[in-house]
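Quick notes on the structure that follows.
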Amino acid sequence: MNDVLPDEAERRLWLEGVVAAWFARYGYRHMRTPLLEHTALFRRAIGESTDIVEKEMYTFTDALNNESLTLRPEATASTVRAAIEHSLLYEGPRRLWYQGPMYRHERPQKGRYREFTQFGAEALGFDGPDVDAELIVMCAALWKELGLEGIRLELNTIGSAEERAAYRADLVRHLEANEARLDADAKRRLHTNPMRVLDSKNPIVQEVAASAPSMMRYLGEASRAHFDGLQRLLHASGIAFEINPRLVRGLDYYNLTVFEWISDRLGAQGTVCGGGRYDGLFAQLGGKPAPGVGFAAGVERLVALLGAPPPTGPSAYLVHQGAGTLEYAFALGEELRAAGFSVVLHAGGGSFKSQMKKADASGAALALIVGEDELKAAAVTVKPLREARPQQQVARAALAARLADFLKGS
């Protein structure tokens with residue numbers, strides 16, 4: 001778990017603003033769920049035999065109520081729990097989004113931390129492939145807006161629960177026939193969660209997985225129609241993708257569509273965003289059956305892919321020198337902030353030269369200089385710091401109206 005220092009924090013704040021505006025354009029409304037949930041929620045939703053539940057959750061007993069609680073490892077289960085508890089689908093389907101910290105006890109490495117931040121979308125109550133496609137197209141639009149390149153889409157369908165049960169039986173027989181070639185992790189999963197063997201990173205296990213039966217052979221008419229409909233919409237939207245028959249995702253609640261956006265610039269932790277459909281989760285958590293589909297994206301991984309951060313300095317840095325200038329500058333700063341500008345007032349005294357060094361180091365576009373001459377004239381000297389333009393003296397009463405022009409360079 002890491003501290004996020006100002007430079008990194010400002011990049012995240014910028015990204016959060018872009019993400020919030022992007023979700024709003026698609027009609028997704030923001031919601032928040034608690035960091036702590038009853039452990040049973042994640043055991044029921046994610047699956048007892050998943051890595052997350054078996055060994056990655058931060059779980060403890062609340063001494064006051066003797067309840068088992070868990071720091072949330074993901075947000076879909078919490079969102080569906082909240083939708084059931086507050087009858088969010090009573091008036092029809094919902095498009096929701098969230099953002100916040102998640103917790104998993106994993107081995108820390110680049111792009112993988114025990115406290116990490118995700119934003120995600122949950123489209124609840126929609127059963128057609130159109131919303132699956134909408135979520136994927138949304139992501140493509142965000143990557144374009146952020147200027148991210150080289151993020152590829154992998155897509156698969158894992159059918160219905162009944163279709164997976166038939167597939168699972170044949171998959172287990174195939175894995176048992178090749179058990180000598182499986183590593184310890186694959187052997188552990190063979191009878192508890194055999195589909196997770198398909199996305200093993202072990203090259204030898206990958207060879208076994210490559211010769212396993214294909215899930216496509218087990219799909220019924222409805223599942224095939226759903227997957228075909230999704231592909232048509234993606235083709236119509238100009239979204240390139242690769243069908244990866246071994247893509248299953250790591251949570252038991254998925255059915256039908258699963259997808260991942262992957263970058264080759266992040267090393268082993270290449271998945272930037274992943275998601276899929278979870279039509280059985282409402283009933284699994286005790287609610288009225290309802291379809292659902294969503295995705296989650298890792299903020300840390302996206303920030304690592306971003307290029308140079310946008311400028312984060314203030315609009316202006318207020319320099320003051322001489323008797324009475326502090327009070328003048330103090331009031332002036334408040335006037336400009338009330339007009340919508342970001343202004344840093346120099347604090348701690350010092351020579352004019354040292355103050356100008358601080359102004360330059362602040363990243364501000366302009367230095368606003370208040371000396372005894374400006375005080376007498378009820379004016380301010382405006383000095384551009386990032387461009388070779390002459391400084392100008394401006395009447396204090398006119399400064400707020402003219403500052404935008406100075407910032408634009410006119």
Exercise. Would you work out which of L403, T271, L5 lies farthest towards the positive end of the dipole of the chain, given +1 charges on the beta-carbon of Lys and Arg and -1 on that of Asp and Glu, about the Cα centre?
Key: L403
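Rounded, prolate or oblate for segment 129-244? Axes are the square roots of the Cα gyration tensor eigenvalues, ordered a ≥ b ≥ c, and the cut-off for rounded is a/c under 1.5.
Verdict is oblate for segment 129-244.
Starting from 0.36 nm per residue, how many nanometres of slack lie between F60 and I243 once their C-alpha separation is accounted for?
Full extension of this stretch gives 61.9 nm more.
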Quiz prompt | Two-site label geometry, E67 and A184: point separation in nm, points 7 Å out along Cα→Cβ | solution = 3.7
Quiz prompt | Projected area, mean over directions - segment 51-116, Cα convex hull, nm² | solution = 6.2
Practice problem: Express in nm, to one decimal, how much length is gained between D7 and E334 on full extension, taking 0.36 nm for each residue of separation and deducting their alpha carbon distance. | Solution: 115.2 nm
Self-check item: Three semi-axes of the equivalent ellipsoid, segment 316-408, Cα gyration tensor, whole Å, largest first
Solution: 17, 16, 13
Exercise. Please name which of A361, T70, G220 has its Cα lying farthest along the dipole of the chain towards the positive end, using unit charges on Cβ (Lys, Arg +1; Asp, Glu -1) and the Cα centre as origin.
Key: A361
Quiz item: E372 versus A323, label points 7 Å from Cα toward the beta carbon: distance in nm?
Solution: 0.8
Exercise. Once you've got the GNM for the chain with C-alpha springs shorter than 10 Å, pick whichever of A397, A123, A177 has the biggest mean-square fluctuation.
Key: A397
Quiz item: Can you list the lysines whose alpha carbon is less than 22 Å from that of K187, not counting same-chain residues fewer than 8 positions off?
Solution: K55, K201
Quiz item: Once label points are set 7 Å from the Cα along Cα→Cβ at both A20 and R386, what is their separation, rounded to one decimal in nm?
Solution: 2.2
Self-check item: Theoretical FRET efficiency, 1/(1+(r/R0)^6), r = Cβ-Cβ of A395 and F352, R0 30 Å, to 0.05
Solution: 0.90
Practice problem: Rounding to the nearest 20 debye, state how big the charge dipole of the chain is about its Cα centre with +1 on each Lys and Arg Cβ and -1 on each Asp and Glu Cβ. | Solution: 540
Quiz item: Which loop GluC sites (Glu not before Pro) in segment 303-410, with loop taken from DSSP, have no more than 10 other Cβ atoms within 10 angstrom of their Cβ?
Solution: E387
Quiz item: Given the rule -39500 (n - 2.57) for each run of at least 4 DSSP H residues, summed and divided by the residues of the chain, what is its mean residue ellipticity at 222 nm, to the nearest 500 deg cm²/dmol?
Solution: -11500 deg cm²/dmol
Quiz item: How high is the FRET efficiency from A404 to T312, r the C-beta distance, R0 25 Å, rounded to 0.05?
Solution: 0.85
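State the dimensionless ratio Rg/Rh of the chain (Rg: radius of gyration of Cα atoms; Rh: Kirkwood radius).
1.11
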Quiz item: When only DSSP loop residues count, what GluC sites (Glu not before Pro) in segment 93-135 have their Cβ near at most 16 other Cβ atoms within 10 Å?
Solution: E106
Quiz item: Computed FRET efficiency, Cβ-Cβ of R224 and E176, R0 30 Å: what is it to the nearest 0.05?
Solution: 0.60
Exercise. List the trypsin sites (Lys or Arg not before Pro) within segment 175-238 that fall in a DSSP loop (any state other than H, G, I, E or B) and whose Cβ has at most 16 other Cβ atoms within 10 Å.
Key: K201
Quiz prompt | Between segment 31-92 and segment 153-202, the Cα center-to-center distance that results, in Å | solution = 26
Self-check item: Among P194, G125, L146 - extreme Cα towards positive end, dipole of segment 86-208, charges at beta-carbon
Solution: P194
Practice problem: Would you mind calculating the gained length between A210 and R265 on full extension (0.36 nm times residue separation, minus the Cα-Cα distance), in nm to one decimal? | Solution: 17.3 nm
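Since every read-out is calculated from the coordinates, none of them should be taken as a lab result. Please read all numbers here as calculations on a predicted model, not as lab measurements. Backbone-built Cβ (ideal geometry, glycine too); neighbour counts: all protein chains shown.
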